Each structure stands twice: as structure tokens, then as C-alpha cells.
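Worksheet: the structure to be examined is printed underneath.
The values are calculated or read from the model by the stated rules, or taken from the named source; none is laboratory data. Predicted, not measured: the structure shown is a model, and the values here were computed from it. In this analysis, Cβ positions are derived from the backbone assuming ideal geometry, glycine residues included, and neighbour counts consider all displayed protein chains.
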Amino acid sequence: MKTQHPYQDPGNPVETRIDDLMQRMTLEEKVGQLMQVNGQDREEALEKLDSQHAGSFLQVRWDWLADFIERAGETRLGIPLILGNDCIHGFSFWKDATILPTQLAAACSWNTDLIEQGARITAEEMVQSGCSWTFSPVLCITRDLRWGRVGETFGEDPYLIGEFGAAMIRGYQGEDLSAVNSVLACAKHYAGYSETLGGRDASEAELSRRKLKSFFLPPFQRAVEAGVGTFMTGYQAIDGQPSTANRWLLRETLKDEWGFDGFMVTDWNNVGHMVENQKVCRDYAEAAKVSMEAGNDMIMTTPNFYEGCLDAVNSGQLDVKWVDDAVRRILRYKFKLGLFENPRMPDLAKVDERKQSPAHREVALQMARESAVLLENNGVLPLQAKQVKKIALIGPNADDHLAQLGDWSLGSGQAIKNSAHNKEAVVTLLDGIKTHFDGDVLYEKGCEILNDSTDGIAAAVEIAKQSDLAVVVLGDCNGLMGEWRSTATLDLQGPQLALLEAVRATGVKTVVVLVHSKPNILPAIVTEADAVVELFNPGIRGGDAFGEILTGKANPSGKLTVSVPRHIGQCPVFYNQVRGQHGENYADLTQTPMYAFGYGKSYNTYRYENARIKETQLGQQDHVEVSVEVTNEGQFPGIETVQAYISDLYTSATWPLKELKGYARVSIAPGATETVQIKIPVSACSLVNVAGERVVESGDFQCLVGSSSRNQDLVALDFSVK
């Protein structure tokens, strides 16, 4: 495009270009920039580009994107579109793209470098499609496990969520947003969306500002520090106020206090939701006023916002300065992305060239490999070739590629309908075992998850009787995971437990594998199997990863980032609960989970000893420096994740007994000892006091070092802060 005006000159500073462009825009064009339109209906969406000057679209079919980009370039000012999609764990809705483990699965690796690599390859597969913005990462904190979106989270710990989220942001955005392999990230859902009532999606969140500041906001503040370009609001209301209307949350905290210079997009029809469902606004003019003053910038899929906003400004209800502020923020990132010079016209052939490249498939495999968590093992794993010649592979998720990929992938029901990733593009567990096991593999599905028929159990039992080992793959499926799909229980659905019971009754050694979106309740028939392996949704190479673990080619090193309850009545069961309750048990059940946060076995035993703290008297600017010797007493090279928790022994306000504040992943050769050092800033040993201030209080502390959050796995080291 020939340079005609200062905003079209890439040599000018971004703010200069914004100033020049905005003084040329009409009010209608400004409000159009605030509009993000559903692109699934081509003609209707293009009409909104013409009549409402829409500045953004989402979920546009890939083969239509070029038309949308060209049409925007032909408008009066030629302002480019920013095109978004839900690329949550891979380029989700491109057929046979590199679908990675879900966030909950990947989190179990505790490997920020690997998580960053996953986001980077997602960006590399996205960019040639014309899509420059992913609605990821999810920074919600898992609380009630009945919530359908648990699998989209990194788990239950604010510190880990912040670190993993920052890694994804780095991977998506790179060092230069205008680079051809960078895309814009989006921190969501801001904030408290996951604090549900009864696990029900988008229900009212019972949260005080102090609780938000204590636990739910820190991961989002970490995202701002990592340079994230966009935020997305949650659906829920807090203390009677929809997130979309929460000025304290959106404007005063995010923009004013934290200095966020990007833009806030609502979730799907949040502004319309205030009129149509929550009934806190009488019409769209009022909803426009409320949402803009609160701090929203881009309005996702609320067509009536356009006229409502114009009415609000023209009638004097809404000061145009809030529209101007929002437009400035959106344009800032269109300029930073380089869209005025390169609107990112799609080259769909290159997407197909890049998807599932050998390098990308290797990252997917490594993520699945390091994310696997060994929950139980009586010595049956890894397999002994002399003892196991034939395997019976059984279960509804043993060869189900869509269950293995999880939510937010083609076939899960969002975005592109009636389409799914090809099974041939996914290495299922059946494929992986056949690849990595040298003996015979027999397979029977045994049962369905959403069907109570037990007709297939007899055939499964028959192949179990013929085999030296049964591998039974249980879990959930797309009908039981995701948005709108919260569950009343955490039980394994259908006749899955009956199937397992029948197989175990044959006396054959049994390995249970869990392929699901979130933890299920695991009765004794599961936990007393010879081995139990947790995979969550391991992505396209999950079968290879399990095949390697089964045969000893890989040593499991994953650690849980979410606690697994013994009974639904324990929920919420997260490790960092506030101390002060009466007693430590229910009258009828322990309060300890079945498997605790940070827990995960290995084929080795690791011995911890000689834990030390460098200095015990510390100032506010110092660091807690601890070390511990870890010895690999096994026969396999392995990776151990050493965890460091902080406990503030006496606090001015109630606070958790312990919080994770640091960790180190260390590779240890068989028989070797490694000295592991962890350094935690004293500033991280903070709490939020009753005045809502985050402070480090002077007094006595402990640093708890060990292999999981369980008390029996930790050594306490005393220190004090002046």
C-alpha cells in the first residue's frame, strides 16, 4: 500500500500512528473496531464488516479468511482485521494439526520450556492460516472438579499456573509480535470464573476481593509481566456484579494498577448476557455504557452492541473517551502485529506443510511422555519381556482418538461442525503398544462410556484369559467435558468399573490407564490394580508415550498439579486450603485426597537427605536459598521434580498452611546423587492482609522441601524474616 498518511508509515512510532488514524475515524468506524463478529456464517459476517465496520472476527472458516482480509483492506481507511480462534492446545480446528496434551496434562510435566515449545509450534501452524490471535492460555484455578472445564486449566496452584501461563505467552508471542511466526495470546478467564457453585459452569462466584487478590489474580498479574497482549473476561458474576461490568477488576486493577497496555475482549456475548440472561441492563445502550466504563475494549459476538453503543454516546449516556481508549488499545496491537504492512493473507498449502512436521510431532511426543503420571506400581511396570508375551488391551478409550485429543479439538463440537481429526493422524494407545511391544496384542473395546450395555464385556474377559497382562483404558469422553458440560459426579460412567472388575476377576495382572479430561473417583478396583497410569488427554502422540513407558523405553516423571479426591464429598480438595477448621477428618472419611498435588511415582526410588537452608535470618530483599541431596536408588535414568513450599507460621489474617513457591526438575543417573538448589525471593513469602494489601509480614517461617505436597514427603527448614 502506497504511504499516504502518517498512520500508514511503518517508520513512525506506534503511538503517532494511532493518533493520526484516530483523528481520521468517524464514531461509527471507532465503534466498529470494538466489534468481534462470529464468522461461521460467511454472508452475515461480511455484511457486518460492511455495515458495522467490524474490526475482528472469530471462527471464520479457513477457506473464507482471504475474502475477509481483502474486504477489510478495501474499506475507507484500510484498517486490517484481527482474526481470532480457540487454538488451546495446538491449532485445534485445523484437520490433523499437531494437537498437544491439554493444559492439565501438559502441566504434569512441570516443564516450562516444553510448554513454551508447545505454544511456539501452535503459533507456527496457525500463522499461515491468516489467524493471528489465539484465545489461550487459560489461567483459571481448578477448584470444584465437577466443573466441565477443569481440563483446560493448569491445575490448582496459582504459582504454577502463572509460570506455565507465562511460558505459553512467550511461545505464542515470541520476541517480536510482528514476526511471521508470532501470534497474539489471550489470558483468560479474568477472573474467578472457576470458583463455581456445585461445579456449574458460569454460576455466580462467591468471592471477596481479598480472596481474588490472594489466589485468583496472581496468575493474571504474572501474564501482564510476561507481556500478554489481550485478556478475556469470565462469564460469571462476583458478589452480584457480572465480570463484564466489574470496573474494579477490569479497569482499576488490570489497567490502572498493573499497567496493562493491551485490550480486553469479552467472552461470547457477555454484553448481551447482561441484557438477556443476567438481567442487570434494560437495553443494549445501557449494556454498552456499563461494559465500556468498566473497562472492556472488544465485544465478542454481541451484534446489538453496535447500535447500542452509538445510542449511548449520541444520547450522552456514555462519554466517547471510553470508546477512544478502547479503540486506541485495539489499534496498538494491530500495529504491533504489523497487520497494516502484512495483513497475514493466508497460505493454506503452507499450513498443511507445517502441520505435524517431524519436529512438531517430536514436541508432542515429549510433552506426552513427560506428562504421564505413574500413580501405582507393584513392580509390573516396566514390562519384563520374558514374562509378558501377549497383552490384552481393553477399554473404551484404548483406541478412541477423539477422547485422547480431548476438548477444543476438531471433533469436540465447537467451531467447525460435523468434522473431526482423522484417526490416522493420531497414535492411539492401541497403535503405540503395537509399535513398542514386541509380543502379541489383542484388543476389545469392552464397553462404551455413554451406553450402559455390558454386551462387550465377555469378549474382553476372553482375551484377558488368553494374555499375560491386561491393559484397561478408562476415562471420559467429549460428552462429559468442556463448556456447558459440568458433571454431577466424578464417577467413571457407563459399565467401565464392571468391565475392570470382570477383567481383574480372571487373575491376570492388570494395568489401568486413565485417559480423561479431569480426575475421576477411583475406587479400590482401580487403585489396587498392579499399576495405574494417569495420562489425562495426551494428544496425538499419547499412544507412543504410553508404549514407551509400558516397555521401559521411558521412565515416568510426571507430577500431579491437581489433587485427586477419594469421594465427591471431599470436593473442593485442593492442597493449599486456609488453615483453621475444626479437626482434620470428616466423621466418616479422611480429608486427605487419594493422590495429592505434586505426587507422582517413578520406576526409581529417590532418596532425599541433607536438606539445608543457607541463611535463617532474612530481610525483605533477600532470598530463601535451600538445598537437598537427591539420590536415584533405581536402575533407570530419571527426572525428579523437587518442590519447595513456604509456610508462614503466624499471620495477621488466615492463610494457607503451605504454598508452592519454587521447584526444580533434575535429571539423575542410576545410583547418582544430585544436590538440588532452589532460590525463592522473600517477596514471594507474602500474604494478603485484611486491608487487601499484599505484604510480607515479619516473623517465623518454614520452607518445606520434598517430592510432593504431602506432609510425609516434606522436610521443614526454619527461617525468619525481619
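Condition first: among the hydroxyl-bearing types (S, T, Y) and either modelled with pLDDT under 95 or exposed (fewer than 15 other Cβ atoms within 10 Å of the Cβ) (or both). Now tell me which residues in the range 1-31 satisfy that. Steps first, answer last, please.
Residues of the range 1-31 that are among the hydroxyl-bearing types (S, T, Y), as a first pass: 3, 7, 16, 26.
If the condition is that a residue be among the hydroxyl-bearing types (S, T, Y) and either modelled with pLDDT under 95 or exposed (fewer than 15 other Cβ atoms within 10 Å of the Cβ) (or both), then T3, T16, T26 are the ones that fit.
Condition (residue is buried (at least 24 other Cβ atoms within 10 Å of the Cβ) and in contact with a Cys (Cβ under 6 Å, 6 or more places away or on another chain)) applied to the range 526-540: is it met by at least one residue?
No, because not a single residue in the range 526-540 is buried (at least 24 other Cβ atoms within 10 Å of the Cβ) and in contact with a Cys (Cβ under 6 Å, 6 or more places away or on another chain).
Of the residues A359, A364, which single one is under 12 Å from A97 (Cα atoms), under 27 Å from the mean Cα position of the chain (by Cα) and in the same structural domain as V564 (by TED's automatic domain parsing)? Spell out how you get there, then give the answer.
Details: A359 fails: under 12 Å from A97 (Cα atoms).
When all the criteria are applied, what remains is A364.
Filter the range 149-182 for residues that are outside any loop (DSSP other than H, G, I, E, B) and of a type in the set (F, W, Y); which is surrounded by the most Cβ atoms within 10 Å (Cβ to Cβ)?
Pass one, the range 149-182, residues outside any loop (DSSP other than H, G, I, E, B): 150-152, 158-173.
Imposing the further condition that a residue be of a type in the set (F, W, Y) reduces the set to 159, 164, 172.
Details: Y159: 19, F164: 29, Y172: 27.
Here the answer is F164.
Does at least one position in the range 89-110 carry a residue that is more than 30 Å from F536 (Cα to Cα), modelled with pLDDT of 95 or more and either of a type in the set (V, I, T) or over 20 Å from the mean Cα position of the chain (by Cα) (or both)? So that I can check it myself, show each step before the final result.
Looking only at the range 89-110, we keep the residues that are more than 30 Å from F536 (Cα to Cα), and these are none.
No.
Please specify each residue of the range 281-339 satisfying the condition of being touching a Lys or Arg at 6+ places or on another chain (Cβ under 7 Å), under 19 Å from G55 (Cβ atoms) and small (G, A, S).
G295, A312
Could you please give the count of residues in the range 173-182 that are closer than 19 Å to F220 by Cα and touching a Gly at 6+ places or on another chain (Cβ under 9 Å)? Even if it seems obvious, please write down each step before you answer.
Of all residues in the range 173-182, those closer than 19 Å to F220 by Cα come to 173-174.
Add one more test, that the residue is touching a Gly at 6+ places or on another chain (Cβ under 9 Å), and what stays is 173.
Here the count works out to 1.
Just name the residue that is surrounded by the fewest Cβ atoms within 10 Å (Cβ to Cβ) out of those in the range 285-294 that are closer than 17 Å to K30 by Cβ and of a type outside the set (D, E). Please lay out each step first, then the result.
First, pick out the residues of the range 285-294 that are closer than 17 Å to K30 by Cβ: 285, 288-289, 291-293.
Now narrow it down to the ones that are of a type outside the set (D, E): 285, 288-289, 291-292.
On the way: A285: 23, A288: 31, K289: 21, S291: 33, M292: 26.
Here the answer is K289.
Confirm whether Q117 is in the same structural domain as M345 (by TED's automatic domain parsing) and modelled with pLDDT under 95. Show your work before the answer.
Working: in the same structural domain as M345 (by TED's automatic domain parsing): yes; modelled with pLDDT under 95: no.
Taking the combined requirement at face value, the residue does not satisfy it.
Look at E286 and say whether it is touching an Asp or Glu at 6+ places or on another chain (Cβ under 9 Å), assigned to a helix (DSSP H, G or I) and of a type in the set (D, E, K, R). Before the answer, list the steps.
Values: touching an Asp or Glu at 6+ places or on another chain (Cβ under 9 Å): no; assigned to a helix (DSSP H, G or I): yes; of a type in the set (D, E, K, R): yes.
Against the criterion (touching an Asp or Glu at 6+ places or on another chain (Cβ under 9 Å), assigned to a helix (DSSP H, G or I) and of a type in the set (D, E, K, R)), E286 does not qualify.
Taking G308, is it out of contact with any Asp or Glu (no Cβ under 6 Å at 6 or more places or on another chain), buried (at least 23 other Cβ atoms within 10 Å of the Cβ) and farther than 30 Å from D176 by Cα?
On the way: out of contact with any Asp or Glu (no Cβ under 6 Å at 6 or more places or on another chain): yes; buried (at least 23 other Cβ atoms within 10 Å of the Cβ): yes; farther than 30 Å from D176 by Cα: yes.
Taking the combined requirement at face value, the residue satisfies it.
Quick check on L318: is it in contact (Cβ under 8 Å) with a residue 40 or more places away in the chain and in the same structural domain as V127 (by TED's automatic domain parsing)? Even if it seems obvious, please write down each step before you answer.
Values: in contact (Cβ under 8 Å) with a residue 40 or more places away in the chain: no; in the same structural domain as V127 (by TED's automatic domain parsing): yes.
No; evaluated as a whole, the condition is false for this residue.
I'm trying to understand the selection: among the residues of the range 511-538, which are of a type in the set (V, I, T) and more than 22 Å from A368 (Cβ to Cβ)?
Looking only at the range 511-538, we keep the residues that are of a type in the set (V, I, T), and these are 511-513, 515, 521, 525-527, 532-533.
I521, I525, T527 - these are the residues of the range 511-538 that are of a type in the set (V, I, T) and more than 22 Å from A368 (Cβ to Cβ).
Taking the range 583-602, which residues are on the phi > 0 side of the Ramachandran plot, surrounded by fewer than 12 Cβ atoms within 10 Å (Cβ to Cβ) and at pLDDT 95 or above?
Scanning the range 583-602 gives no hits.
Here is a yes/no grid of residues against (1) within 28 Å of V695 (Cβ to Cβ); (2) in contact with a helix residue (DSSP H, G or I) (Cβ under 9 Å, 6 or more places away or on another chain); (3) not small (G, A, S):
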residue: L217; (1), (2), (3): yes, yes, yes
residue: A245; (1), (2), (3): no, yes, no
residue: R251; (1), (2), (3): yes, yes, yes
residue: D283; (1), (2), (3): no, yes, yes
residue: M292; (1), (2), (3): no, yes, yes
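Output the residues belonging to the range 70-122 that are aliphatic (A, V, I, L, M), assigned to a loop (DSSP other than H, G, I, E, B) and closer than 23 Å to G411 by Cβ. Even if it seems obvious, please write down each step before you answer.
Quick first cut of the range 70-122, residues aliphatic (A, V, I, L, M) only: 72, 77, 79, 81-83, 88, 97, 99-100, 104-107, 114-115, 119, 121.
Applying the additional criterion that residues be assigned to a loop (DSSP other than H, G, I, E, B) yields 77, 79, 81, 88, 97, 99-100.
Of everything in the range 70-122, those that are aliphatic (A, V, I, L, M), assigned to a loop (DSSP other than H, G, I, E, B) and closer than 23 Å to G411 by Cβ turn out to be I88, A97, I99, L100.
Quick grid of which residues meet (1) among the aromatic types (F, W, Y); (2) farther than 18 Å from D407 by Cβ; (3) touching a His at 6+ places or on another chain (Cβ under 6 Å):
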site	(1), (2), (3)
L490	no, no, no
V508	no, yes, no
T527	no, yes, no
V532	no, yes, no
P538	no, no, no
G547	no, yes, yes
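Output yes when any residue across the range 217-236 is of a type in the set (A, V, I, L, M, F, W, C), in contact (Cβ under 8 Å) with a residue 12 or more places away in the chain, more than 17 Å from P137 (Cβ to Cβ) and assigned by TED's automatic domain parsing to the domain that holds K336, and no when none is.
Start the filter on the range 217-236 by keeping residues that are of a type in the set (A, V, I, L, M, F, W, C), which leaves 217, 220, 223-224, 226, 228, 231-232.
Filter again for in contact (Cβ under 8 Å) with a residue 12 or more places away in the chain, leaving 217, 220, 223-224, 226, 228, 231-232.
Now narrow it down to the ones that are more than 17 Å from P137 (Cβ to Cβ): none.
The answer is no; no qualifying residue exists.
Just give me the residues in the range 495-510 being aliphatic (A, V, I, L, M) and surrounded by fewer than 24 Cβ atoms within 10 Å (Cβ to Cβ), in sequence order.
Initially, the range 495-510 is screened for residues aliphatic (A, V, I, L, M), giving 497-500, 502-503, 505, 508.
Passing the criteria: L497, A498, A502, A505, V508.
Under the condition of being of a type outside the set (G, A, S) and farther than 26 Å from Q356 by Cβ, which residue from the range 418-444 is surrounded by the fewest Cβ atoms within 10 Å (Cβ to Cβ)?
First, the residues of the range 418-444 that are of a type outside the set (G, A, S): 418, 421-424, 426-431, 433-438, 440-444.
Add one more test, that the residue is farther than 26 Å from Q356 by Cβ, and what stays is 438, 440, 442, 444.
On the way: D438: 9, D440: 13, L442: 17, E444: 21.
It comes out as D438.
For the range 342-362, what are the residues that are of a type in the set (K, R) and part of a helix (DSSP H, G or I)?
Taking the range 342-362 as the starting set, the residues that turn out to be of a type in the set (K, R) are 344, 350, 354-355, 361.
Passing the criteria: K350, R354, R361.
Being assigned by TED's automatic domain parsing to the domain that holds A502, in contact (Cβ under 8 Å) with a residue 12 or more places away in the chain and in contact with a Gly (Cβ under 7 Å, 6 or more places away or on another chain) narrows it down to one residue among I463, I416, I449; which is it? Before you say what the answer is, go through the steps one by one.
Working: I463 fails: in contact with a Gly (Cβ under 7 Å, 6 or more places away or on another chain); I416 fails: in contact with a Gly (Cβ under 7 Å, 6 or more places away or on another chain).
Just one listed residue meets the conditions, I449.
I'm trying to understand the selection: among the residues of the range 367-412, which are of a type in the set (K, R) and either without any contact (Cβ under 8 Å) to a residue 60 or more places away in the chain or in the same structural domain as L114 (by TED's automatic domain parsing) (or both)? Walk me through how you get there before you give the answer.
Of all residues in the range 367-412, those of a type in the set (K, R) come to 369, 386, 389-390.
K386 - this is the single residue of the range 367-412 that is of a type in the set (K, R) and either without any contact (Cβ under 8 Å) to a residue 60 or more places away in the chain or in the same structural domain as L114 (by TED's automatic domain parsing) (or both).
Could we say that T561 is hydroxyl-bearing (S, T, Y) and assigned to a strand (DSSP E or B) here? Before you say what the answer is, go through the steps one by one.
Numbers: hydroxyl-bearing (S, T, Y): yes; assigned to a strand (DSSP E or B): no.
No.
Filter the range 120-145 for residues that are polar (S, T, N, Q) and within 20 Å of L177 (Cβ to Cβ); which is modelled with the lowest pLDDT?
Restricting attention to the range 120-145, the residues satisfying the condition of being polar (S, T, N, Q) are 122, 128-129, 132, 134, 136, 142.
Checking the rest, the ones that are also within 20 Å of L177 (Cβ to Cβ) come to 122, 128-129, 132, 134, 136.
Numbers: T122: 97, Q128: 92, S129: 95, S132: 96, T134: 98, S136: 98.
The selected residue is Q128.
Pick out, from the range 372-473, the helices (runs of 4 or more DSSP H) lying fully within it that include 1 or more residues that are touching a strand residue (DSSP E or B) at 6+ places or on another chain (Cβ under 9 Å) and among the β-branched types (V, I, T). Break it down into steps so the answer makes sense when it comes.
Numbers: elements: 401-405, 429-436, 457-465.
Qualifying helices (runs of 4 or more DSSP H): 429-436, 457-465.
Of the residues L318, L365, L339, only one is in a helix (DSSP H, G or I) and either buried (at least 21 other Cβ atoms within 10 Å of the Cβ) or small (G, A, S) (or both); which?
Just one listed residue meets the conditions, L365.
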